[in-house]
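Worksheet for the structure shown next.
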Amino acid sequence: MTDDVAGQRLDRLRRVAPAVQHEVNNAMMVLAANLDLLSRSVGEGAPTRQLDRAVQASKRLEETIRGYLDAARRQVAEPTLISLVQVMRHSLPLLRVALGARHGAELTTPEKLSPVSLDRAALEVALLAVAQDAVGRMPNGTRLGVTLRESEAEVELELTLPEGVGPVALAQLEACCGRLQVFGNGCVLAWRKP
């Protein structure tokens with residue numbers, strides 16, 4: 001596939017993503033309403049536990065689909081003023097899927113952070129590159145740690161991985177932040193506050 005055809009394909013998928021998200025939202029509303037109605041008629045015991053599992057699974061599915069579609073419809077090179085808390089809360093379900101069932105991702109963040117100017121699409125792609133690169137090197141049960149914090153001048157995103165971050169992913173991360181500091185089992189991305 002040529003770069004031009006691949007670019008057109010991605011552009012068309014990006015443009016249809018809002019319509020897909022609308023359909024998913026409608027389906028998830030119907031599912032949630034019916035699970036709620038069903039919960040009112042189910043007795044205690046095993047059926048209630050099974051219904052609770054179905055509700056939790058539908059919530060995880062909704063978060064994952066929203067995260068994927070949100071990332072898919074975003075154009076590259078859109079620097080905007082945004083909070084990293086919002087970006088990571090939307091990106092985390094997709095990172096968890098990329099890491100697979102034997103691994104996971106954990107987010108540690110204050111409730112609010114100052115907004116910073118960043119290219120959200122580039123950051124999401126770089127974080128996916130980190131997850132996809134790391135999954136083959138991570139021992140079972142290990143997790144990608146994501147910690148957000150704020151100093152007087154910067155907002156930081158720390159990534160912690162047992163085996164560190166690969167060079168290709170590091171290059172992508174460096175391209176989407178103001179400062180990158182690499183250490184043995186991860187790195188810190190930093191953006192200056194406006």
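Things worth noting here:
- Residues whose amide H comes within less than 5 Å of that of GLU154, counting only those at least five positions distant or on another chain, are LYS193 (H built at 1.01 Å from N in the peptide plane).
- Angle in degrees between helix 3-41 and the longest Cα principal axis of the chain, rounded to the nearest 10: 40
- Relative contact order for segment 133-194, counting Cα pairs under 8 Å that sit 6 or more residues apart, in percent: 34
- Neighbourhood net charge (15 Å Cβ-Cβ; Lys/Arg +1, Asp/Glu -1) for VAL135: +2
- Ranked packing of 149-155, 130-136, most packed first, by mean Cβ within 10 Å: 130-136, 149-155
- Helix axis angle, 84-99 relative to the chain longest principal axis, alpha carbon, degrees: 70
- To the nearest ten degrees, helix 46-73 and the longest principal axis of the Cα atoms of the chain are 40 degrees apart.
- Debye intensity ratio in log₁₀ form over the Cα atoms of segment 38-194, taken at each q of 0.19, 0.20 Å⁻¹: -1.17, -1.28
- Percent accessible area from carbon and sulfur atoms, the chain, protein chains only, probe 1.4 Å: 55
- For the chain, relative contact order (Cα pairs under 8 Å, six or more residues apart, normalised by length) works out to 17 percent.
The values are calculated or read from the model by the stated rules, or taken from the named source; none is laboratory data. Just so it is clear, the model here is predicted, and its values are computed rather than measured. Note that we place each Cβ from the backbone using ideal geometry, even for glycine, and neighbour counts take in every protein chain shown. Just so you know, the surface numbers come from the protein's heavy atoms only, side chains and all, with ligands and any DNA or RNA stripped out. Shrake-Rupley method; radii C 1.70, N 1.55, O 1.52, S 1.80 Å.
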